[in-house]
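The numbers here are math on the coordinates, done by the rules we state, and not lab data. None of the values given here were measured: they were computed from a predicted structure. Reconstructed Cβ throughout: ideal geometry from the backbone, glycine too, with neighbour counts over all protein chains shown.
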Amino acid sequence: MTDVMDRPALKVVGTRPIRPDGVDKVTGRAQFGADFHLPGMLVGKIKRSPHAHARIVSIDTRKARALAGVKAVITAADLPDLASQEYEAGESASNLRDLSQNCMARDKALYQGHALAAVAAVSAQVADEALDLIEVVYEVLPHVIDVEAAMEPSAPVLHAHLFTEGLAERPATASNIAKVNRLGRGDLEAGFGEADVVVQGRYTTKAVHQGYIEPHACVAQVSQDGQCQVWSSSQGQFMVRTYCAKILGLEIADIRVTPAEIGGGFGGKTTVYLEPLALALSRQSGHPVKMVMTREEVFRATGPTSGAVIEVKLGAKQDGTIVAADVVLKYQAGAFPGSPVGAGSMTALAAYDIPNVAITGYDVVTNSPKVAAYRAPGAPISAFGVESAIDDLARELGMDPIVLREKNGVVSGVKAVYGPTYRDIGYLETLKAIKDHPHYAAPLGPNQGRGVAVGFWFNVGGESTAAVHVNEDGSAVVVTGNPDIGGSRASMAMMAAEVLGLPVEQVRPIVADTASIGFSMLTGGSRTTFATGMAVTQAAGKIVEDVKRRAALIWDTTVDKVAWESGQAVCLDATKSAVKPLTLAAIAAQAGRTGGPISAEVSLNAQGAGPGFAVHLCDVEIDRETGHVTVVRYTAAQDVGRAIHPAYVEGQIQGGVAQGVGWALNEEYIFDADGQMENAGFLDYRVPVASDLPMIDAVLVEVPNPRHPFGAKGVGEAPIVPPLAAVANAVRDALGVRMCDLPLSPPKIRAVVDGLAS
Amino acid sequence: MSELDYLAPPTVEDAVRALAAGGGSAKVLGGGTDLLVQLRAGRIKPGVIVDLKRIPGAIGVREEAGGFVIGAATPGAVIGEHAGLVGAWPGVVEAANLIGSTQVQGRASLAGNLCNASPAADSVPAMIAAGATCLVVGPAGRREIPVEQVAVGPGRTSLAADEFVLEIRLPARPQRSGDAYLRSIPRTEMDIAVVGAGVALTLDAAGTVTAARVALGAVAPTALLVPEAGAAIVGTPLDETALEALDAAARAAARPISDKRGTADYRIKIAGVLARRAAAIAYRRAADQGRGGRA
C-alpha cells in the first residue's frame, strides 16, 4: 500500500479544485434517471392502494389489458412468491420477501400508496387510463400509524406471521413489535442510586422524508434472450442488480445496471421500488419500459425515516459525572420490519463514557411507507432525546453544556457502549473547536437563544473496486463503482492525482456500470471516500510501481534504483548520471515497448473506518407573536479525519445541518384519520429553502485516521445528527420552556408563549 | 381516449364563444401556474383550454384616470417592474410578487390568483383592501365588480362558465394613502399563506386615519373584507389602543378551519397580529407619502 500520509507536502489532497461533474450539472447536460430514452420505449405506471390497510380480495386487470396501447400489465402474481430470507446487499440486511412485497403488494395493502399493479403503455395518458380500468376489490381493515398505538396488544396487526424477536420466550400471538433490542452495561439501579441529580424526558419526532430533488426513475429492457439492462438513479448499481435478480429470480450475469447521475439520495436510494417492475413489464411487453415517479408517489410510497418516541433518564453527580442513563426508543418501521432503531440505540450514547447504561429499542411496523435509510439512519432521532436531556442536565447542574460533555466525553481507548474500543477519535478536539469559536461567546439579542448538541456516526468501510488506466498521453482515468452523491468523483480524482503526481485536471473520474468494474457496495454509510478512496489510492500506487519498473527497463537498471517524485521517474543509479527523469507521459508514450497498456485494478474490503463526531452550535430568534423560529447563526464543527476536498466536506456539513433544521422546525408526515398522507408535496411538506437558513459555518477538525492512506474519515452523515437537538436546545434557551415534540412549528411555539402569558 | 383542445383566441368575443362552446369543460388559461399544476395532478380534466394571452391588452399595465388597468394575464414580474404601480399600490405589488418563485413570477397573474379562488391567495386580500375591481366579460357583455365578489368558496367563483376576467382595475391612489400586505408562512418563501392580511388606509394632514379597508386571507372559505377592522382604526392616529382594537376586530372576523397548515386557534391569533403589523406599515407609507417621500 502506498502510504503517503506522512509525506510533508500534499499537492492535491486538501485543495479545492472545480468538481469534474460540475459543468454538466449546472448547464443541464447531466443525464439523470428520467433523461434516458430508447427507441420503442413504453411508459410504465403503478396502481396504488387508496387505503392504509386493506386485504386485497381480487385484482381484475382484463379491462386494462384490453385497452388499445396497453402492452403489459403485472401484479404480484407475475413475481416469484419469495420466502422470508434476510439478504445482505449494501450496508444492511433486507428481507427479500418484504422487499418484493413492498415493490408489489401480494395479499394486503399495508399503506396508502402501496403498489398493487403496474402497466406499460404507449403513452402516459394511456397508462393512466389503464390504471383506472384495473378493478381492485378491497376489504378495508383498521389501520395504525402512531408507534405507541401500534405497540398496543389491541392494535390492528399488520402481519399475522410477525412475532416479536428479542424476548426471553417466543410470544404466543402476532404483534406489530418486530423486535426488541437491548444494549447496556453496569448496574442501572445502582447508578441512579449514586446520582445527585436526575433528569428525564419523553420526546417525539415525526416521520420525515429524505426529500431528494430527483424522483425515482429508471429504464429497463429485457431482450428476447433474457439479457436485462437497467438504467437508473440509485446509490448503488450493484445493489440494484442484486435486488432485481432476487426479486425476479434472474441470474446476476443476465443483468447489467448502468447508474444515471443521481439527484440526491440521502439513503433513500439504497433500495429498489421501480426497477424490478420495469424489468417485469419489459419482459412481458418485449419493449423497453421507463418508469418515473411523481413527487406524490415519492412521498407516499418511498422511504421516509421513522417517527419515534424517545424516553431518556440521566443521573449525574453534582460534579457533572454522569453515572447512569436509561434510554427507551420506539421507532416506526412502516409496513415491514426494519426501522433504524438498532443504529439509533448504538449511537444514542456513543459520545458519552457512562458506567451504567440501558438502551432498549423497539422496531414497530405501522401502516405507513416502509422506512428507508436516511442519512445516519436512526441517529438524529435518539440524539434529539439524549441531547435535549443532556442540555437539561447542564442547566440543572449549573454547568456549561460543553464542559459537561467534555467531562463525560469519550476518548481513544474508551470502550463504546455499542462494543468497540475507540481509536484515533477527535471528539474532545471537536468540542474544543466550538468552545473556542467566537460564536460561543458572542452576545445574543432579544428573543434569541443558543443551543449546543453533539452527534456520532460510525462510518463504515466495506467492499470496493477501483481501476486506474493511464492514457497514451500520460493522463489517467479513474473508474469506480460508486455513484457520486456528494462530490466523490472529485475526491477520487484528487487521491489518484496525488499518488500519480498529475494535475487533477488530467485525471478523469467515471462511475461505471456493473459489467465494467468489479463489485462495489453502494454509496452509503459515509464509506466511499474512505473505502473506494483506499482502492483508488492502492490502484494508483500499483501504477506507480509499474511505471517505476518500466523506467528501470528503459534505463537498463533495477527498480530499486528508480524513485517516483512529483510525477516523474527519477534515476538513482549513479552509473546513469546522464539520464533525465521520465514523466508519466514519456513512459506512457513507450508503453508498448515496456509491457503494454498501463492499468491497475484493486478490489478490497476496507476495514478501520474512523467514526465521526459533530458538535453544533445554533442561535435562534423567536417571533413571540407568530411563533416563527429563525435560525440566525449556526456553527458546525466535525472531526473529518482529513478533508480530501475541503469545499465538499463543508458542503456535506452544511447540507446535513439544513436537513436537520428542516426536521426540527417544519418537516413532518401528516396523516388524516383514514391514514392518508395529507401533505404529499413540497408545498406542504416543508423542507427549508435557502432563505430559511443563515450561512452555516463549517469548522473542519482534522484528527487523521491512520488506517486511510490520506487520513480520511467519513463525513456525510454525522452532520445531520445534532441539529434537531441543537435547534430545540436553542429554543429552550430563548423561551425558557423545554419543547419535546418535533417539529417546532409556529403554532406550537405560539401555544407555548400563550401558556407563559397566562 | 380523452382529448384536450387548446385555443388561443385573438379577441374577447372569440374567447367568450370558445368558452360557451366548451360548456362546463372549458378552462381559462392566464399564466397557468394553477391550471397546469391541477391538470398534471389529475384534479381537473378539461376538454378545452382557452388561453387569453393573444387578446390585445391581456398582458400589460396601463394608467387610466389616475388608476391602473392590469391585463388578466399580466405576470407578476411585469407588475413588479411597473414603477407607477409600485409607487401607488406597493401592498398589492408585494402581495402579487410573494406568489411562488422567480420562475412562477414570470407567469402568475392577479386575475388568475383571483379566479383560482383559493382562500389563501396572496394577492386577493391586498386587492380587496385597495378597493380593486375587475372587468368580467361574457355573452351578455361587460360588467365591473369588486374583486371580493369573485370567489364564493374554495375553488368556486361567481362567474358563469362562459365568463372570464379580462382586467383588474386599481383606483387612483388618494392623497396620503398607503397599503401593505403580510402573510404568515412557516418558511420564508415558496409557500402558501397560513393567514394573510391586507390593509389600505388614508390619513389627514394631522396623521389621523380617515379611511381604512382591511382584508384577511386563509381564515374563511373566501378572502374577507372586514369593515369592523377598518372602522376600528378610522379616526385614530393608529396608536396602541387603535391597533389593539384592530387586532380584536380581525380576530373576531376570522372563522378559519384547522388543517395541515395550522390550527383554527392559531390562525385567529395570527390574523390579529398580521392586521396590526400590516396597518403599521401602511400607515408609515401613507405618512411618508404625505411628507412627499417615496412609499
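Taking 0.36 nm per intervening residue step and subtracting the Cα-Cα distance, what contour gain separates residue A:180 from residue A:125 on full extension? Each step should come with its number before you reach the end.
Numbers: separation 55, 0.36 × 55 = 19.80 nm, distance 4.69 nm.
Stretched fully, the residue A:180-residue A:125 segment lengthens by 15.1 nm.
Determine the relative contact order of region B:1-50: mean sequence separation of Cα pairs under 8 Å and six or more apart, normalised by residue count, in whole percent. Show your work: numbers first, answer last.
Details: 48 pairs, mean separation 26.5, N = 50.
Computed value for region B:1-50: 53 percent relative contact order.
What's the extension gain from residue A:590 to residue A:37 if we count 0.36 nm per residue and subtract their Cα-Cα distance?
Details: separation 553, 0.36 × 553 = 199.08 nm, distance 4.12 nm.
Taking residue A:590 through residue A:37 to full extension adds about 195.0 nm, to one decimal.
Considering the dipole of region A:622-708 built from charges on the beta carbon (Lys and Arg +1, Asp and Glu -1) around the Cα centre, which of A:646, A:659, A:635 is farthest to its positive end?
A:646
Given contacts defined as C-alpha pairs under 8 Å and at least six residues apart, what's the relative contact order of region B:177-288, whole-number percent?
So the answer I get is 33 percent.
Quick one: among B:40, B:62, B:143, which has the greatest mean-square fluctuation in a GNM of chain B with alpha-carbon springs under 10 angstrom?
B:40
Could you pull out every one of the lysines with an alpha carbon less than 26 Å from that of residue A:25, ignoring same-chain neighbours closer than 8 positions?
Straight-distance partners of residue A:25: A:269, A:290.
Determine the dipole magnitude for the protein assembly as shown: charges of +1 sit on the beta-carbon of Lys and Arg, -1 on that of Asp and Glu, nothing else is charged, the reference point is the Cα centre, and the result goes in debye to the nearest 20.
Result for the protein assembly as shown is approximately 1120 debye, rounded to the nearest 20.
When the chain is fully extended, how far beyond the present Cα-Cα distance does residue B:160 get from residue B:83, taking 0.36 nm per residue of separation?
That pair, residue B:160 and residue B:83, stretches by 24.3 nm at full extension.
Can you work out the FRET efficiency for the pair residue A:57 and residue B:287, with r the C-beta to C-beta distance and R0 = 60 Å, to the nearest 0.05?
FRET efficiency, residue A:57 to residue B:287: 0.30.
Report ³J(HN,Hα) in whole Hz for each residue of region A:208-224, in order, from the Karplus equation J = 6.51 cos²θ - 1.76 cosθ + 1.60 where θ = phi - 60°; Gly and Pro get x.
Going residue by residue, I get 10, 9, 4, x, 4, 5, 8, x, 4, 7, 7, 10, 10, 9, 10, 7, 4 Hz, with x marking Gly and Pro.
Add -39500 (n - 2.57) for each DSSP H run of 4 or more in the protein assembly as shown, then divide by its residues: what number comes out at 222 nm, to the nearest 500 deg cm²/dmol?
Theoretical 222 nm ellipticity from helices: -8500 deg cm²/dmol.
Calculate the spin-label point distance for residue B:259 paired with residue A:436, positioning each point 7 Å from the Cα along the beta-carbon direction, and give it in nanometres.
5.4
Show me, for region A:69-75, the HN-Hα J-couplings you get by feeding each phi into the Karplus relation (A = 6.51, B = -1.76, C = 1.60, θ = phi - 60°), rounded to Hz, glycine and proline as x.
x, 8, 10, 7, 9, 10, 10
Hey, rough spin-label estimate for residue B:4 and residue A:85, points 7 angstrom out along Cα→Cβ, what's it come to in nanometres?
Distance between label points: 4.5 nm.
Give me A:287, A:209 ranked fewest to most by other Cβ atoms within 10 Å of their Cβ, as a rough exposure proxy.
Details: A:287 19, A:209 25.
Ordered by Cβ neighbours within 10 Å, fewest first: A:287, A:209.
Long-range amide H contacts for residue A:699: which residues qualify at under 5 Å (H placed 1.01 Å from N, peptide plane, sequence gap of 5 or more or a different chain)?
Counting only residues 5 or more places away or on other chains, the set is A:636, A:637, A:638.
Taking amide hydrogens as modeled 1.01 Å from N in the peptide plane, which residues meet the under 5 Å criterion relative to residue B:195, leaving out close sequence neighbours?
Counting only residues 5 or more places away or on other chains, the set is B:184.
Using each residue's phi in region A:539-545, evaluate 6.51 cos²θ - 1.76 cosθ + 1.60 at θ = phi - 60° and report the 3J(HN,Hα) Karplus result to the nearest Hz, with x for Gly and Pro.
5, 5, x, 5, 4, 4, 4
Quick one: work out the % antiparallel among DSSP beta bridges in region B:13-166, nearest 5.
Taking every DSSP beta bridge within region B:13-166, about 80 percent pair in antiparallel fashion.
Near residue A:580, which lysines are there with a Cα under 27 Å away, not counting those fewer than 8 places off in the same chain?
Once the sequence-local lysines are set aside, what remains near residue A:580 is A:11, A:542, A:548, A:561.
Distance in nm between label sites at residue A:26 and residue A:563, each 7 Å beyond Cα in the beta-carbon direction?
Result: 4.0 nm between the two label points.
Along the positive direction of the dipole of the protein assembly as shown (beta-carbon charges: Lys, Arg +1; Asp, Glu -1; about the Cα centre), which of A:377, A:164, A:57 reaches farthest?
Result: A:57, furthest along the dipole toward the positive end.
For residue A:436, enumerate residues with amide H under 5 Å from its amide H, sequence gap 5+ or separate chain, H modeled in the peptide plane.
none
Quick one: compute the contact order of chain A, relative version, from alpha carbon pairs under 8 angstrom and 6+ residues apart, as a percent.
RCO, chain A: 16 percent.
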